[in-house]
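Heads up: the structure comes next, in C-alpha cells.
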Amino acid sequence: MEKNISLTLKVWRQNGPKEKGRFETYKLEEVSTGSSFLEMMDILNEQLINEGNEPVAFDHDCREGICGMCSLYINGRPHGPDDDVTTCQLHMRKFKDGETITIEPWRSAGFPVIKDLIVNRNAFDSIIAAGGYTSVSTGGVPDANAIPISKIDADEAMDAASCIGCGACVATCKNGSAMLFVSAKVSHLALLPQGKVEAARRAKNMVAKMDELGFGNCTNTGACEVECPKGISISNIARLNREFLKAKLQD
Amino acid sequence: MSTIFGSSIGRKLLMSLSGLFLVVFLIIHLSINLLLLVPDGGEAFNIAANFMAMPLIKYGLQPVLFAGFIVHIIYAAILTAQNNKARGSAKYASGNKTQDVMWASKNMFVLGLTVSAFLIVHLIDYWVPLQITHAAQKVTIGGVEMHDTYALVNVAFDDLWRVILYVVGSLGLTIHLTHGFWSAFQTLGLSNNIWRKRWTVAGIAFAWIVGLGFVTIAVVQHVVY
Amino acid sequence: MKLDSKIPQGPVAEKWSNYKANQKLVNPANKRKLDIIVVGTGLAGASAAASFGEMGFNVKNFTIQDSPRRAHSIAAQGGINAAKNYPNDGDSIHRLFYDTVKGGDYRAREANVHRLAEVSNDIIDQCVAQGVPFAREYGGLLDNRSFGGAQVSRTFYAKGQTGQQLLIGAYQALMRQVNAGTVDLYTRTEIVDIVMVEGKARGVIARDLVTGEFQRHFGHAVVLATGGYGNAFFLSTNAMGSNGSAAIKAYQKGAAFANPCFAQIHPTCIPVHGEFQSKLTLMSESLRNDGRIWVPKKKEDAEAIRAGKLKPTQIAEEDRDYYLERRYPAFGNLVPRDVASRAAKERCDAGFGVGNTGLAVYLDFKSAIERLGEDAIRARYGNLFQMYEKIVDDNPYETPMMIYPAIHYTMGGIWVDYELQTTVPGLFAAGEANFSDHGANRLGASALMQGLADGYFVLPYTIQNYLADDISTPRMTGDEKEFVEAEKAAKDKFEKLLSIKGNRSVDSIHKELGLVMWDFVGMARNKEGLEKAIEKIAAIKKEFYSNLRIPGSGEGMNVELEKASRLADFIEIGDLMARDALHREESCGGHFREEYQTEEGEAQRQDDKFAYAGCWEYQGEDKAPVMHKEELTFEVVKVAQRNYK
C-alpha cells in the first residue's frame, strides 16, 4: 500500500554549459510512494519556487516511457533502481523512508551538460542523419504487401526499433560508447528487405559519425543492455560489427 | 579496407583477431607444458621444447607471435585512453551500480597489465636464457643435443614465490579470458542471442582449463618434482 | 471573416483527383527559391518537412524538444487505419470514409474525410518502404486488428508502439533531408509569434530555449503542426510539453479557431490517484479488443471494493455488469471512445465505480486469457501490461486493470480549408493542430492516419498551389520592420511575465485551471456550469497576471518561463473552449451537454441548428471573440442518430 516517506536529495546543479556545477542537498517530507520519481521532482521544484529559489531543470515529456526525453542518473544507475523503465516510470515505492538519493545528469563527453540535469543529446540525431534511414522519398513506393517479410525478422526488427534514444546506454557505459544505440538502428533496418539495400553504406556512415563525435569503443561489457529501458539486446552490436566488417571488406 | 583500422570497430577487430591468435598460442603452449606432468624426467617436454626452437618456428612464427602480443597490448592502451576520454572528465559521484555486468569485462586493461607483468618475468625466466644468451644447460636426448628446458622449469618452480606469481598470473589470465574469449567473437560479429550464450560458456570453460592447467603444472612441479 | 472551404467540384470520390489534376505546381528551379517554415516535428510536421525537402524546397523545421523524435506522436500506442482490405472483410475507401464521418458524429467536412480515406493506403505503403516494422503474420504479410467504431479489421500496428514506429519513420526521412541540407533543424526552439507582412504569414519569431535569445525567421509559407491543446486540463494523456501556443498565436493573428470544445476523452486511462499527479497514462484502445469492461452489479459489492474489503476477482460472473456489452450489443466493448467514456462516467456517477476514489471501472482480460492463453495476450499487449504494472503495482494478468476516462485528443483546432490553409494566407495547419477530418469525435487509430496524410500526401500538393503565385517573392532578411516589431512584441510579453513577481508557481495556477476545465468543460457540460467556467477562467487569468512567480531571468534556460508563456495561452484556450461549448446547444461526439440527451442517456444532436463548424475570430485582448459558421453539407453520408446497439 502507499505511504509517505521523507528523503534527502543530493542534486547536481549547474547554471549553464560552461559554468562549474556542484551538488546541492534538499530535504523533502511526505512524498507518497505512489508518486513517480518525476512527480517527486515536481514536488521539490514547487518547494524551491515557494522558497524563492530556481527550480531544478530536468528533461521530461511524455511521462509514460516512450519519448526518451527523461534522463537522470539516480543512485549509480541511469533511470534509477528499477529494471526496464525510464525515469518517468520509476516510482517512489522503490525507495526507503529516510533514504538519500543522489541525482546526476548523464555524464559522457558526447553528452555535455546544458543546465542542471539536462544534457545535450544532439549527437544521436547526427548519427541518424548520417545514415539511419532508407533512402526513399514520399510516393512511388510498392504496395505494402509486395514483399513478404518473415515474422521472425519483422519481430526482431521491431525489438531493435523500439529504442527510444534516451542515451542510458552511453550514460552507463564505462567507455562512453554509443554502440547499442547505433546497432539498434543498423539492425532494425538491416533485418528488413527495404533497409537491406543500403545496409553496408548505412553501417559505415553511422559508425564513422559515431567515431567522429567522440563516443568510445565498445568493449562488450553489456552494461548498456542491462540499463536499456527497452531491453535492447547486445546481439544487435554483434550484427552491427558483422555488417560493418562485411561492408569494409568489400571496399 | 584502408580505413578499417581507423574506425572504432576496426580497432576492436585488431583486439579480437590478435586475442584469438594468442588463444591459439595458449593452446599450444599449454599442450606442451602439460608434458611437464609426464614422469619421465622431462624427456618428452625437452623434445617438444626443442622442436619449438627449430629455426622455422623461431624465426618464422615467433616474430608473428610477438607482433600479436604487441598489437594486442598497444591497441588495448589506445582503446583504453580513447574510452577514458569518451567517458568525460566528470565522474559519477554515485558510482556505477549497474548489476549483472561481468567484473572482468570492466577490468580487462588491469587484468591485461597483470598478465603482462607476469609475461615479462616469464620471458626473463625462459626466453632470455634459452634463445638470447643461451645460458641454459644442455642435455642430449636420442643423440640430439638441446637445451635442458625441463631443468630450467624444475629449478624455477622450487621457488615458492615464483609459484605464487605463476598462480596469480594464470588466474589473471583466466579472468581475462572469461570475458575476452566470447568478446572476440562478438566483435567479429559471429554472435547472436543463441551463440552469445554458447561462446560465453565455451569461453569460461576454456579460460578455466587454461588457467587451472598452468596452475596445476606450477603446483605439481613445486610439490612433486 | 470569410470562410471559404475551397471544396473542389465533382462527386466526393473524385474531388481529390480533380483537385490534383487542376492545381498549380512549382517547377524544380523555383522550388529552390522558396522557403517553408514547419513548426513541430510530430507525424504531421516531420512528414511534411521531409516531403518538402525531398521536393526541393528550403525548409526550416522547429521543435521545442531536444530532438524531432520526442514529439508526442511517439506515444500513440494502438495503430493506424487504412482501407487496404487485406483481411478481405469488406473494407473499402468508402467504408473508411463513412465510418470516420459517422464516428465524428457528422461534424466533419465530407470532402476532407474522403481524401483522408483515399490516401490512407499510400501511408501504409510509404511506412513499409521506410522500414516501419508493422506486425506480420507467419506468411510474411501484414497483420490487422480492429478498433473502436469499425466492424472491419483495418488497423495496422507495431506492437503497442505504433506511434513510435511511424514517428521514427518520419523522423528518419526528416534526418535524411537534414543530412542532404534541404532542411535546417532547430531543436529546443519555440515559436513565440507569427510574422505578418502585407496580410500574409511570412515568418516566425522563435525563442532559443537554451540561450533565451529571440530569432527572426522568414518563410514564404508557414506550416503549424504543433499538436493539440488537451493540456489546458493540466491532467491529460498529452506529454508535459504539448501545448496550444502556436495555435493561439495563429488565432491572434487572424486565423479562425474551429470547434474548440471538441475534445476527446479517452475511456481507457489509468485513474487519477493523488494530488501530486502530473499526467494521466493512456492504456491503448486496442486493449478493448480482448479486454471486457465491467463494474459490479450490486452497489454493496462496489462499496466493499472501494473500502478494500473485496477484490474484483472475488466477484462472481453473474454479479458483474459488462455494461458496454449490455447497452451496445452490436459493438460491445468496441464502441467509439466518446460512448465508452460516457458510459463509464454514468456507472461511476450511479455509485458502481471501483478503486479507492470510486472513479474507475475494470478492464478484465480473464476470459481472453482463458480463451487464448497468457502467452498470446502477452505477445499482443505485453508492453502495455508492463507499463500498467510499473505505475499501479498490480499484475493485470491476475487482477483486472482499473481504468477511467481522461482528456486525450482535441478534434478542434485551427480552421483550415480543403488545402489545409487557415484564414491567414500562407499559414497552414496540419495534424491535430487543425480541426479537419474528425468532426466531434475521432475514431481510434485515425490520428496517426491524419497526421501522416496531411504531411506526406496533402500538403506537398496543396502548398504548391499557394506557392506557385509566390515564385517571384524575394527572400526577406528578417530585418524588415514587421519582423523587428513582432520580435519586440514577443520580448515584451516575456518581460511582462518575468516582471509579475508574485507568489504562485506556474503549475499551481495550471492545476487550478485544469480543475475548472474538468469540472465544468469536461465529460458532461451544462449551461450553468459553462457560464461559471468562463467567470472562473477570467479570475484565473487575473491571478496569473498578478500573482505569478517565475524565478530566474530571461537569459539562458528558464523552464518556468517557458511553462508560464504556454499557460498564458492555455488560459485563452480554456476560455475559448468554454464559450464554444456554451454556444453549442446539442450533444455530439466528445461534446456532451446534459440538457441534450435521449431518455436512454445517449447524445442528442441538433442537426437543424448545429450542423456547422463553429469558427472563432479573435477581436483583441480581453474582448469576446466572434463566431462564424462553416455550414456542413452531406452529399453522400446519410446523417442519422449514431447507433452502436
Notebook entry, point to check: With each label point set 7 Å from Cα along the Cα-Cβ vector, what nm distance links residue C:356 and residue C:508?
Noted result: 2.5 nm
Next item on the list: Please compute the net charge surrounding residue C:554, taking Lys and Arg as +1 and Asp and Glu as -1 over other residues with Cβ under 12 Å from its Cβ.
Entry: -3
Checklist line | Taking A:39, C:635 and counting other C-beta atoms within 10 Å, the order from fewest to most | finding: C:635, A:39
Next item on the list: For a quick protection proxy, order the peptides A:41-48, C:48-55 by their average other-Cβ count within 10 Å, most packed first.
Entry: C:48-55, A:41-48
Item checked: Simple spin-label estimate for residue B:89 and residue C:398 in nanometres, 7 Å along Cα-Cβ -> 5.2 nm
Check: Which lysines have a Cα lying under 16 Å from the Cα of residue C:15, excluding residues fewer than 8 positions away in the same chain?
Finding: C:6, C:24
Item checked: the range C:367-447: GluC sites (Glu not before Pro) in DSSP coil with no more than 16 other Cβ atoms inside 10 Å -> C:398
Notebook entry, point to check: Just B:149, B:80, B:200 to compare: in a GNM of chain B, with alpha carbon springs under 10 Å, which one fluctuates most?
Noted result: B:80
Check: Given C:544, C:206, C:175, which one lies farthest toward the positive end of the charge dipole of chain C, if we put +1 on the Cβ of every Lys and Arg and -1 on the Cβ of every Asp and Glu?
Finding: C:175
Next item on the list: Quick one: among B:179, B:134, B:29, which has the greatest mean-square fluctuation in a GNM of chain B with alpha-carbon springs under 10 angstrom?
Entry: B:134
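So, R0 is 22 Å and r is the distance between the beta-carbons of residue A:201 and residue B:17; what FRET efficiency does that work out to, to 0.05?
0.35
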Margin query: Just to verify a number: FRET efficiency for residue B:155 and residue A:47, C-beta to C-beta distance, R0 = 56 Å, to 0.05?
Written below: 0.15
Checklist line | Backbone N under 13 Å from the residue B:123 label point (7 Å along Cα→Cβ), restricted to the range B:101-116 | finding: B:116
Note to self: Given points 7 Å out from each Cα along the Cα-Cβ axis, report the residue C:477 to residue A:250 separation in nanometres with one decimal.
What the structure shows: 5.1 nm
Check: What list of ³J(HN,Hα) couplings, whole Hz, do you get for the range A:53-68 from phi and the Karplus terms 6.51, -1.76, 1.60, once you set θ to phi - 60° and write x for glycine and proline?
Finding: 9, 6, x, 6, 8, 9, 7, 5, 8, 6, 6, 9, x, 10, 6, x
Notebook entry, point to check: For the range C:14-42 and the range C:313-353, what is the separation of their C-alpha centers, rounded to whole Å?
Noted result: 47 Å
Check: Once phi is turned into ³J(HN,Hα) by the Karplus curve 6.51 cos²θ - 1.76 cosθ + 1.60 with θ = phi - 60°, what whole-Hz value does each residue of the range B:124-131 show in order, with x for glycine and proline?
Finding: 5, 5, 10, 5, 5, x, 7, 10
Check: To the nearest whole number, what is the average tally of beta carbon atoms from other chains within 10 Å of the beta carbons of peptide A:41-49?
Finding: 4
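When the dipole is taken about the Cα centre of the protein assembly as shown, and only Lys, Arg (+1) and Asp, Glu (-1) are charged at their Cβ, what size is it in debye, to the nearest 20?
Values: 120 positive and 127 negative charges, 373 e Å.
That gives the protein assembly as shown a dipole magnitude of about 1800 debye.
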Check: What is the helix-to-structure angle for C:527-547, meaning the angle in degrees between its Cα long axis and the longest Cα principal axis of chain C, kept from 0 to 90 and rounded to the nearest 10?
Finding: 50 degrees
Notebook entry, point to check: Between the helical axis of B:62-87 and the dominant principal axis of chain B, each derived from Cα atoms, what acute angle in degrees is found, rounded to the nearest 10?
Noted result: 30 degrees
Next item on the list: Give the calculated FRET efficiency between residue C:374 and residue C:198 to the nearest 0.05, with a Förster radius of 60 Å applied to their Cβ-Cβ distance.
Entry: 0.40
Check: In the neighborhood of residue B:76, defined by Cβ-to-Cβ distances under 13 Å, what is the net charge if each Lys or Arg adds +1 and each Asp or Glu adds -1?
Finding: +2
Note to self: Please give the charge dipole size of chain A, origin at the Cα centre, charges +1 on K and R Cβ atoms and -1 on D and E Cβ atoms. Round to the nearest 20 debye.
What the structure shows: 1020 debye
Notebook entry, point to check: How many lysine pairs are close in the range A:4-114, with Cα atoms under 28 Å apart and the two 8 or more places apart or on different chains?
Noted result: 8
Note to self: With +1 on the Cβ of every Lys and Arg and -1 on the Cβ of every Asp and Glu, and nothing else charged, how large is the dipole of chain B about its Cα centre, in debye rounded to the nearest 20?
What the structure shows: 1340 debye
Margin query: Only counting other Cβ atoms within 10 Å, I'd like A:20, B:138 sorted with the fewest neighbours first.
Written below: A:20, B:138
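Among residues other than residue C:417 whose Cβ falls under 12 Å from its Cβ, what is the net charge (Lys/Arg +1, Asp/Glu -1)?
Charge balance near residue C:417 sits at 0.
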Next item on the list: Give the order of A:248, C:20 when sorted by the count of other beta carbons within 10 angstrom, beginning with the fewest.
Entry: C:20, A:248
Next item on the list: Could you point to the residue in C:25, C:427, C:341 farthest towards the positive end of chain C's charge dipole, with +1 and -1 charges on the Cβ of Lys/Arg and Asp/Glu respectively?
Entry: C:25
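The numbers here are math on the coordinates, done by the rules we state, and not lab data. Keep in mind that this is a model prediction, so the values were computed, not measured. Heads up, the Cβs are rebuilt from the backbone with ideal geometry, glycines too, and the neighbour counts pull from every protein chain shown.
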